[in-house]
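Heads up, the thing below is written out as structure tokens.
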Ligand SMILES: Cc1cc2nc3c(=O)[nH]c(=O)nc-3n(C[C@H](O)[C@H](O)[C@H](O)COP(=O)(O)O)c2cc1C
């Protein structure tokens with residue numbers, strides 16, 4: 001768990017004293033300091049298996065799909081439901097700017113959404129045939145699930161959909177992840193073509209990847225434009241969370257209940273947020289990680305391969321949660337690699353990433369840590385399926 005600094009403690013004590021006044025309590029309630037995981041922004045986690053009268057039968061599949069992992073909780077998706085198919089479109093307006101200049105993370109996020117949709121479709125008695133569409137930036141139709149009648153087969157991964165949350169707290173550093181667990185997770189890639197996982201579980205590899213992640217975090221924080229593009233999505237105010245239903249929040253930081261309570265009382269500046277993030281990356285994310293992993297594909301300009309990488313991540317994270325493990329993506333080295341390419345500057349992080357991944361013919365596109373949790377992860381906000389399904393009243397994007 002992240003240690004609280006003396007300054008934050010004093011700030012906390014002062015805040016607690018201020019709360020004794022009635023005005024303070026009112027402010028805390030308004031900020032949502034007493035609430036965790038409540039309100040419409042969190043309802044999709046509670047109602048994802050529900051069928052309401054009048055709903056399209058396939059809506060339940062989208063209800064599962066929107067709970068997928070996705071970069072910065074931007075939820076860059078729109079769906080179209082037909083009688084026997086679901087189309088997935090990229091909502092490019094929800095991109096993260098210089099954090100993701102080549103849409104690597106956006107397409108990986110789509111892959112995560114496709115995976116949840118497939119698992120739900122099988123659970124509800126459909127046989128999904130999945131098409132992932134290649135195409136450049138101009139083509140926003142990214143995937144189609146054609147659904148034939150099949151037999152209901154809810155899998156272990158399907159059952160984990162509502163319990164999967166990114167865990168940013170400390171992991172149990174005394175409890176290593178056994179090699180047999182890593183092998184089993186790797187096998188989840190078997191049906192996905194040219195997608196691989198590279199593990200950093202031993203002393204030297206783990207240390208080097210950890211160092212790269214911390215260095216890249218510093219570089220993102222020191223890049224004024226990247227830092228602003230990232231911070232823009234952070235939601236701290238209760239009403240803002242309920243209105244937008246997206247973005248990273250205080251409850252998703254993995255901090256203790258007390259720290260989150262204090263954190264919700266005040267607006268969090270970009271600088272404070274970066275300072276916290278860097279400290280947490282060094283002292284918690286990296287310091288307590290028993291193992292890092294990187295998902296690698298043959299060509300990171302290939303959208304289908306990126307989506308396959310996303311499907312693997314969703315599978316691995318669901319599998320991890322179903323088997324008592326915790327996971328957190330740590331994509332800063334990739335974000336710097338992409339930024340270096342965008343700026344045409346020396347590929348410092350890109351070069352080091354390629355050296356560490358060291359798999360001829362493959363490029364790392366997504367890095368994460370894995371371990372046993374010391375505390376449960378909390379849910380992030382979501383827009384409901386109804387809010388992201390293109391209806392008669394909403395325009396359908398052109399393929
Ligand atoms: C492509 C991609 C990149 C991500 N990168 C990071 C990251 O660098 N650091 C992090 O803490 N979480 C990262 N995440 C996790 C998302 O922030 C998380 O999935 C999102 O906020 C929703 O929360 P949930 O996974 O708990 O539902 C990433 C997720 C995806 C799919």
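The values are calculated or read from the model by the stated rules, or taken from the named source; none is laboratory data. No experiment lies behind these values; they were computed from the predicted model shown. With ideal geometry, Cβ positions are generated from the backbone for all residues, glycine too; neighbour counts draw on all protein chains shown.
Observations on the model:
- Selection status of residue 233, under 18 Å from the mean Cα position of the chain (by Cα), at pLDDT 95 or above, outside any helix (DSSP H, G or I) and surrounded by fewer than 22 Cβ atoms within 10 Å (Cβ to Cβ): yes
Conditions (1) away from the ligand (no atom under 16 Å from the Cβ); (2) assigned to a helix (DSSP H, G or I); (3) closer than 25 Å to residue 44 by Cβ, marked per residue:
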residue: 168; (1), (2), (3): no, no, yes
residue: 177; (1), (2), (3): yes, no, no
residue: 187; (1), (2), (3): yes, yes, no
residue: 190; (1), (2), (3): yes, yes, no
residue: 206; (1), (2), (3): yes, yes, no
residue: 209; (1), (2), (3): no, yes, no
residue: 214; (1), (2), (3): no, yes, no
residue: 227; (1), (2), (3): no, yes, no
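- Only one of 146, 173 that is in contact (Cβ under 8 Å) with a residue 40 or more places away in the chain and either closer than 26 Å to residue 281 by Cα or within 16 Å of the ligand (Cβ to nearest atom) (or both): 173
- Only one of the numbered conditions (1) surrounded by fewer than 22 Cβ atoms within 10 Å (Cβ to Cβ); (2) at negative phi is not met by residue 368, and that is (1).
- Answer from 385, 354 - the residue that is touching a residue at least 24 places away in the same chain (Cβ under 8 Å) and touching a strand residue (DSSP E or B) at 6+ places or on another chain (Cβ under 8 Å): 385
- Elements of type strands (runs of 3 or more DSSP E) in the stretch 50-143, at least 2 residues being touching a residue at least 60 places away in the same chain (Cβ under 8 Å), surrounded by fewer than 24 Cβ atoms within 10 Å (Cβ to Cβ) and more than 16 Å from the ligand (Cβ to nearest atom): 77-81, 85-90
- Here residue 261 meets the list (1) within 30 Å of residue 304 (Cβ to Cβ); (2) buried (at least 18 other Cβ atoms within 10 Å of the Cβ) almost entirely, failing just condition (1).
- Index of the failed condition, residue 239 passing every other in (1) buried (at least 21 other Cβ atoms within 10 Å of the Cβ); (2) touching a helix residue (DSSP H, G or I) at 6+ places or on another chain (Cβ under 8 Å); (3) in a helix (DSSP H, G or I): (1)
- A Cβ distance below 8 Å, combined with a sequence gap of six or more or placement on separate chains, defines the contacts here; from the stretch 358-382, residues that are in contact (Cβ under 8 Å) with a residue 12 or more places away in the chain and closer than 24 Å to residue 184 by Cβ reach residues that are near the ligand (Cβ under 8 Å from one of its atoms) and assigned to a strand (DSSP E or B) in the pairs 366/329; 367/329; 368/328; 368/329; 369/328.
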